[in-house]
Structures are given as structure tokens and as C-alpha cells.
Amino acid sequence: MFKEKLNIINSPVTYILIDSSKRVNYLGEKNKVPVEIYPDAINYVKEELIKLNAKEIVLRQAVNKAGPVITENGNLILDVSFKNITQTLEKRIKSIPGVIESGLFIGYNVEIIE
């Protein structure tokens, strides 16, 4: 998420290729919002996400190894379901100390190709 956003802000236009399974009527309809966090902040971040109306928070687990997924930057990923994803939610998530980035891409210059 962090490096993807670095690429987006350094590109005049970003193209995102999707198939029909990715189309939704509203954000959060099918998938949880991934939130990359600094490992030592996990408990604090969870408490703050609950204050933002998170319904469910799950530490993403690895598939082919024991334990959680570790990002290329050594961080953890929380998969979070929200009651409502607003235009301001991304900024509110990122304002929590310990959050590196979120999987929301609100307000970025992207073109979706299906």
C-alpha cells in the first residue's frame, strides 16, 4: 500500500486493471480495508480503529508460513471492516500514530480498466 501510493503520486495517471469481480456498489461491500501498521502499535491502532466504527479487525495471517504477514517494510497488516466508508475515512485512519498506510485510495488520479 505504501509503495503503491508512492508510485501513484509520482505518475501523471495510474491505470488499474480489474475484472468484473472487483466492481462494487460501495467501498467495503466485498472486501475489508487493509491497514499497514508498525508492529509495536497494534493494540493502540486497534483501539483507535474501533473509535472510527470498525466492525471487525483481523491481523492478516500468512498462508505458507506460521504467523502474520510481514510487509516489505517489516510492518503488519490489519484487515478492517467498517460500518461506513466516508470520503474522510482514509485521512482519519492515517492520522492514527502507528498507521503507515491504508488500502483506501480516495482522491487519487487513477483510471480503472476492466
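State the number of residues belonging to the range 32-69 that are modelled with pLDDT of 90 or more, polar (S, T, N, Q) and farther than 20 Å from ILE96 by Cα.
1
Taking the residues in the range 55-64 that are out of contact with any helix residue (DSSP H, G or I) (no Cβ under 8 Å at 6 or more places or on another chain) and in contact (Cβ under 8 Å) with a residue 12 or more places away in the chain as candidates, determine which candidate is farthest from ASN75 (Cα to Cα).
LYS55
Quick one: would you say ILE8 is among the hydrophobic types (A, V, I, L, M, F, W, C) and in contact (Cβ under 8 Å) with a residue 12 or more places away in the chain?
Working: among the hydrophobic types (A, V, I, L, M, F, W, C): yes; in contact (Cβ under 8 Å) with a residue 12 or more places away in the chain: yes.
The answer is yes for ILE8.
Give the range 27-49 a look and list any residue that's among the charged types (D, E, K, R), crowded, with 16+ Cβ neighbours inside 10 Å and not in a helix (DSSP H, G or I), or say none.
Across the range 27-49, the qualifying residues are LYS32, GLU36.
Looking at (1) within 27 Å of LEU17 (Cβ to Cβ); (2) outside any loop (DSSP other than H, G, I, E, B), which is the only condition GLU56 fails?
Only one criterion in (1) within 27 Å of LEU17 (Cβ to Cβ); (2) outside any loop (DSSP other than H, G, I, E, B) is unmet by GLU56, namely (1).
From the list ILE42, ILE112, ILE37, which residue is within 30 Å of SER11 (Cβ to Cβ), touching a residue at least 24 places away in the same chain (Cβ under 8 Å) and over 14 Å from the mean Cα position of the chain (by Cα)?
ILE112
Among the numbered conditions (1) modelled with pLDDT under 90; (2) loosely packed, with under 11 Cβ neighbours inside 10 Å; (3) within 17 Å of the chain's Cα centre (by Cα), tell me where SER20 comes up short.
For SER20, the failing item is (3).
Restricting to the range 79-105, count the residues that are more than 17 Å from LYS30 (Cα to Cα), outside any helix (DSSP H, G or I) and hydrophobic (A, V, I, L, M, F, W, C). Walk me through it before giving the result.
Applying the first criterion (more than 17 Å from LYS30 (Cα to Cα)) to the range 79-105 yields 87-101.
When the remaining residues are screened for being outside any helix (DSSP H, G or I), the result is 87-88, 95-101.
Going one step further and asking which of them are hydrophobic (A, V, I, L, M, F, W, C), we end up with 96, 99-100.
Going through the range 79-105 one residue at a time, the tally reaches 3.
Name every residue in the range 92-105 that is in contact (Cβ under 8 Å) with a residue 12 or more places away in the chain and more than 20 Å from ASP19 (Cα to Cα), in order of residue number.
Passing the criteria: ARG92, ILE93, ILE96, PRO97, GLY98, VAL99, ILE100, GLU101, SER102.
Restricting attention to the range 89-109, report how many residues are loosely packed, with under 13 Cβ neighbours inside 10 Å, at pLDDT below 95 and not small (Gly, Ala, Ser).
1
The values are calculated or read from the model by the stated rules, or taken from the named source; none is laboratory data. A quick note: this is a predicted structure, and the numbers were derived from the prediction, not measured. Here the Cβ is made from the backbone with ideal geometry for all residues, glycine too, and neighbour counts use every protein chain on show.
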